[in-house]
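Below: the structure, in structure tokens.
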Amino acid sequence: MRSLAGVCFVAVGLLASSPASAQDVESLKKELEQMRQQFESMKEGYEKAMNQMGERIKALESRQAPAAAPPAVAAPPGTAPPVLAAPPATVPPAGATPPATAPPAIAAPPATAPPSAVAAPAGPPPTATPVSGQAVAQTPAASPNLTELARPREPFSLYQQRGAGQLLFDIGVTGDFIGDLTQNNVQQAQGGTFPGLENYVFAREVELSLFGQIDPYARAEVRFEASQEQRGQSPTVTLAEANLTLMTLPFDTQAKLGQMRNRFGLTNQIHEHDLPFVDRPDVLVEFLGQDGLVEKGAEFTWVPPLPFYVELLGGVFNGDNDTAFGFANIKKPLVTGRVKTFFELGDYGAIQLGASVANGLQPNGLTNTLVGADMKYKYVPDGWQHPLLTVAGEWLYQLRRVSAPTATDPSQTQTLNRSGWYLFGELQPVQFGALSRFSLGFRYDWTEYPTNPGQQWAAEPFITFMPSEFLRFRLVYKHTHGNTPGCCTNTNVGSARIKDEIFLQSTFILGAHPAHPF
Amino acid sequence: MRTAVMHVLLALVVTGLLARDVGGADKIRVVATTTDLKALTEVVGGDFVDVDALARGNQNPHDLEVRPSLMVKVRRADLLVTNGLELDQWAEVVVQGSNNAKVIPGASGRIDASRGLLVLEVPTTHVDRSMGDVHPVGNPHYTLDPGMAPAITANILDGLARLQPANRATFEQNRKAFLGRLDEAMARWTTTMAPFKGARVIVDHNMWLYFLTRFGLLQAGTVEERPGIPPTPGHLTRLIAQMKDEHIKLILVEPWSDQKLAERVAQDADAKVTVMASGVGAVKGTDSYIDMVDYNVRAVAQGLR
């Protein structure tokens with residue numbers, strides 16, 4: 001084929017050369033002779049390369065396992081002709097752009113496949129011969145010929161070098177933008193759900209995610225996040241997560257090391273753009289801060305070989321979270337634990353139950369313990385692609401030691417027992433068609449304040465529209481009612497005790513994004 | 001409180017340790033991501049395997065919800081058979097949550113059934129999601145083509161023999177017997193489909209390409225406007241016009257697709273809708289691989305008559 005292309009190239013060159021009238025016969029003859037020599041040289045080069053390639057194929061075939069499998073393209077005796085004998089059976093619809101796909105004859109086998117299109121798979125992937133590497137190493141270093149010189153070079157060839165055969169990790173970008181509307185007094189008090197960003201459109205989170213296997217034993221996940229903290233300022237970039245998971249530890253355990261969103265409760269581990277509602281539940285914001293529990297340390301998990309699912313988790317961390325802990329010393333670490341289980345309820349329903357604990361020190365050296373319980377239920381009728389109904393909730397209880405000096409004992413402490421919870425439901429009632437892309441949700445929050453007296457409740461109905469798996473819009477109304485005057489007031493400028501807020505959220509995903517767990 | 005929690009945890013640990021070796025001692029515990037791969041693993045492994053599937057036959061395998069119950073299945077597996085070609089990428093999340101080092105990527109307990117197959121519709125130019133939820137490494141629905149079964153079972157055989165080399169001969173014998181049965185069926189299917197060679201059909205999702213190619217039928221269009229994207233009214237109007245112009249008389253749909261919509265299109269275009277078995281067990285009477293293909297061949301032949 002390539003030789004034929006070379007011949008055509010030469011022929012085109014001949015036809016396109018200067019008109020004969022402008023050349024004398026001798027000059028043309030000389031040029032023709034030169035081209036003939038060049039053609040012969042090219043032909044020899046190709047023959048040599050083809051012979052070497054043939055020898056290489058023989059050598060590789062002799063090294064591969066014997067052909068236990070018949071070739072993928074060969075049908076068993078008496079069967080229909082092989083798939084590759086016929087072109088794919090698609091017919092481009094009238095007026096439509098033909099799909100950018102290859103005919104089967106040039107479809108490439110996966111990277112781990114043997115080099116020959118007809119060779120059978122051999123041993124396990126790790127021991128498979130790195131075909132592409134050898135191909136590079138053993139390609140004869142022939143001098144470039146006309147065809148090779150005419151072939152597109154970078155940047156065009158760069159695209160061809162990418163693809164399934166490359167050692168690339170997954171890359172994804174997510175963008176999460178919010179428009180926030182509320183009363184002026186809430187803005188003045190900077191007491192909204194997104195403090196300091198009331199009546200403003202902002203990038204809540206633009207995240208670059210990189211994840212994949214490090215080697216046969218571990219995988220890694222790195223996420224950089226740009227988010228806007230204050231109005232008028234540029235987003236600041238932070239390291240949101242960077243951790244590795246050791247997957248081949250003894251006794252069927254795994255260890256996750258580095259910086260991570262802790263698997264504490266139901267929604268703490270979920271990134272902002274993936275939350276099933278626009279904002280983190282009030283109880284989590286009050287007890288763990290706006291960003292939730294993000295710590296540096298290690299988490300260990302074990303899934304016992306039981307007939308039902310149970311995951312046991314233990315973690316040791318610095319305790320950097322200054323809302324709940326903040327001692328930030330690994331010698332006196334923040335210790336976390338979680339147990340999670342799951343049950344199928346018939347063919348269509350399923351429930352997950354979890355319990356979590358976190359115990360650490362505050363900057364003053366006094367302990368704080370958070371205990372949580374959570375549940376999530378989903379109902380997916382037969383044949384549905386999405387849940388018809390999702391119900392989830394989480395409850396948190398705090399036992400925080402605080403100073404309570406008395407006249408007789410200035411070092412006296414006491415425990416502040418505080419709690420909060422939320423319940424969330426989402427209904428996606430249409431199975432097919434454009435309306436199936438809409439869902440209706442509602443969340444109710446109730447929480448006490450971790451150190452101040454009083455409590456607040458909030459009701460948050462919302463509607464979500466997902467044109468595709470990678471794009472989502474959400475319209476939210478949130479009414480918050482704090483029942484202790486002074487709880488959320490900046491007395492100089494305004495009050496945010498009772499607030500009404502409207503949020504418009506738009507979220508997109510570019511590139512890779514791992515499947516979501518239940 | 002603390003003591004009670006400690007007791008519960010201790011009980012779980014002890015129960016877990018005691019339960020470690022529960023199960024068939026000599027059988028290879030295999031989990032396949034789809035029911036097609038489960039059925040093909042069973043025919044090769046015979047009495048030496050105990051196979052379970054993650055997706056049900058009538059579920060859309062592109063986007064399965066990762067439930068912890070799937071992790072329980074993989075947790076106990078010696079071998080995980082995946083379809084590959086990015087159809088069942090969700091299986092990686094299942095594997096990560098199962099804490100089973102035997103089946104992590106690169107381990108000997110992994111079989112990618114697509115290995116070595118020549119794949120249709122591998123993109124040769126830039127693709128992005130403006131084209132819908134495209135498969136960037138090619139069409140992954142090769143198991144629906146019975147002509148691919150020899151290569152798929154060869155991959156499965158290699159994986160099983162890695163774990164039980166002593167039983168390789170038995171696996172080969174099982175596979176040979178299955179391919180013999182498949183040969184007989186293939187002759188029957190080829191005869192049944194011969195009168196319809198060159199016939200044009202519409203499909204709901206582009207998952208019947210290998211099957212249609214095998215029997216010489218042509219896919220003239222899709223009800224989906226683009227993969228994973230519901231059709232717009234404009235697309236449906238064009239599709240109906242195309243079906244009328246080209247006298248296309250059959251729409252193939254999967255059990256999990258919008259059959260009412262397909263019926264409406266078919267009604268307007270004076271065509272029929274046939275629900276295909278998108279996997280083993282997807283519809284009644286398709287409990288084995290050969291039964292599934294048998295059902296699909298009969299369904300298409302009846303639809304085109």
Meets criteria (of a type in the set (D, E) and either surrounded by 18 or more Cβ atoms within 10 Å (Cβ to Cβ) or in a loop (DSSP other than H, G, I, E, B) (or both)) for B:D268:
no
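Let's see how each residue does on (1) surrounded by fewer than 21 Cβ atoms within 10 Å (Cβ to Cβ); (2) touching a strand residue (DSSP E or B) at 6+ places or on another chain (Cβ under 8 Å):
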| residue | (1), (2) |
| --- | --- |
| B:P140 | no, no |
| B:A149 | no, no |
| B:D158 | no, yes |
| B:R162 | yes, no |
| B:R168 | yes, no |
| B:L182 | no, no |
For helices (runs of 4 or more DSSP H) lying entirely in segment B:145-229, having 1 or more residues that are touching a Phe, Trp or Tyr at 6+ places or on another chain (Cβ under 6 Å) and more than 30 Å from B:M243 (Cβ to Cβ) picks out B:149-163
Quiz item: Hey, any hits in segment A:287-304 for a residue that's within 25 Å of A:E460 (Cα to Cα) and among the hydroxyl-bearing types (S, T, Y)?
Solution: no
Picking from B:A187, B:A194, the residue that is aliphatic (A, V, I, L, M) and more than 9 Å from chain A (Cβ to nearest Cβ) would be B:A194
For segment A:355-381 the number of residues that are away from chain B (no Cβ under 12 Å) and of a type in the set (V, I, T) is 1
Restricting segment B:229-240 to residues that are surrounded by fewer than 19 Cβ atoms within 10 Å (Cβ to Cβ) and at the interface with chain A (Cβ under 9 Å from one of its Cβ atoms), the one farthest from the chain's Cα centre (by Cα) turns out to be B:R238
Of the residues in segment B:136-147, those that are more than 7 Å from chain A (Cβ to nearest Cβ) and under 15 Å from the mean Cα position of the chain (by Cα) come to B:N139, B:P140, B:H141, B:Y142, B:T143, B:L144, B:P146
Of (1) surrounded by fewer than 23 Cβ atoms within 10 Å (Cβ to Cβ); (2) over 16 Å from B:V297 (Cβ atoms), B:G216 fails just (2)
The condition of being farther than 23 Å from A:S403 by Cα, surrounded by fewer than 21 Cβ atoms within 10 Å (Cβ to Cβ), modelled with pLDDT of 95 or more and touching a Leu at 6+ places or on another chain (Cβ under 7 Å) holds, among A:T301, A:T341, A:T390, only for A:T341
Got at least one residue in segment B:245-259 being over 23 Å from B:R298 (Cα atoms), part of a loop (DSSP other than H, G, I, E, B), without any contact (Cβ under 8 Å) to a residue 60 or more places away in the chain and polar (S, T, N, Q)?
no
Listed by range, strands (runs of 3 or more DSSP E) wholly within segment A:195-255 having at least 1 residues that are touching a helix residue (DSSP H, G or I) at 6+ places or on another chain (Cβ under 6 Å) are A:200-215
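Looking only at segment B:53-69, count every residue that is closer than 18 Å to A:F308 by Cα and more than 9 Å from chain A (Cβ to nearest Cβ) and tell me the total.
Of the residues in that region, 3 qualify.
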For segment A:429-445 the number of residues that are within 14 Å of another protein chain (Cβ to nearest Cβ) and under 13 Å from A:R474 (Cβ atoms) is 2
Within segment B:90-115, of all residues that are of a type in the set (V, I, T) and not in a loop (DSSP other than H, G, I, E, B), the one nearest to B:N155 (Cα to Cα) is B:I111
Taking segment B:70-83 and the residues there that are within 11 Å of chain A (Cβ to nearest Cβ), out of contact with any Lys or Arg (no Cβ under 7 Å at 6 or more places or on another chain) and of a type outside the set (A, V, I, L, M), the one that is surrounded by the fewest Cβ atoms within 10 Å (Cβ to Cβ) would be B:K73
Note on segment A:344-354: residues over 28 Å from A:A298 (Cα atoms), in contact (Cβ under 8 Å) with a residue 24 or more places away in the chain and at the interface with chain B (Cβ under 10 Å from one of its Cβ atoms) are A:D347, A:A350
Of A:V371, A:V430, A:V402, the only residue that is surrounded by fewer than 17 Cβ atoms within 10 Å (Cβ to Cβ) and out of contact with any helix residue (DSSP H, G or I) (no Cβ under 9 Å at 6 or more places or on another chain) is A:V402
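Yes or no: A:V283 in contact (Cβ under 8 Å) with a residue 40 or more places away in the chain, more than 14 Å from chain B (Cβ to nearest Cβ) and surrounded by 18 or more Cβ atoms within 10 Å (Cβ to Cβ)? Explain how you work it out, then say what you get.
Working: in contact (Cβ under 8 Å) with a residue 40 or more places away in the chain: yes; more than 14 Å from chain B (Cβ to nearest Cβ): yes; surrounded by 18 or more Cβ atoms within 10 Å (Cβ to Cβ): yes.
Criteria met by A:V283.
The values are calculated or read from the model by the stated rules, or taken from the named source; none is laboratory data. Keep in mind the model is a prediction, meaning the values are calculated, not measured. Cβ sites come from the backbone with ideal geometry, for glycine too, and all protein chains shown count toward neighbours.
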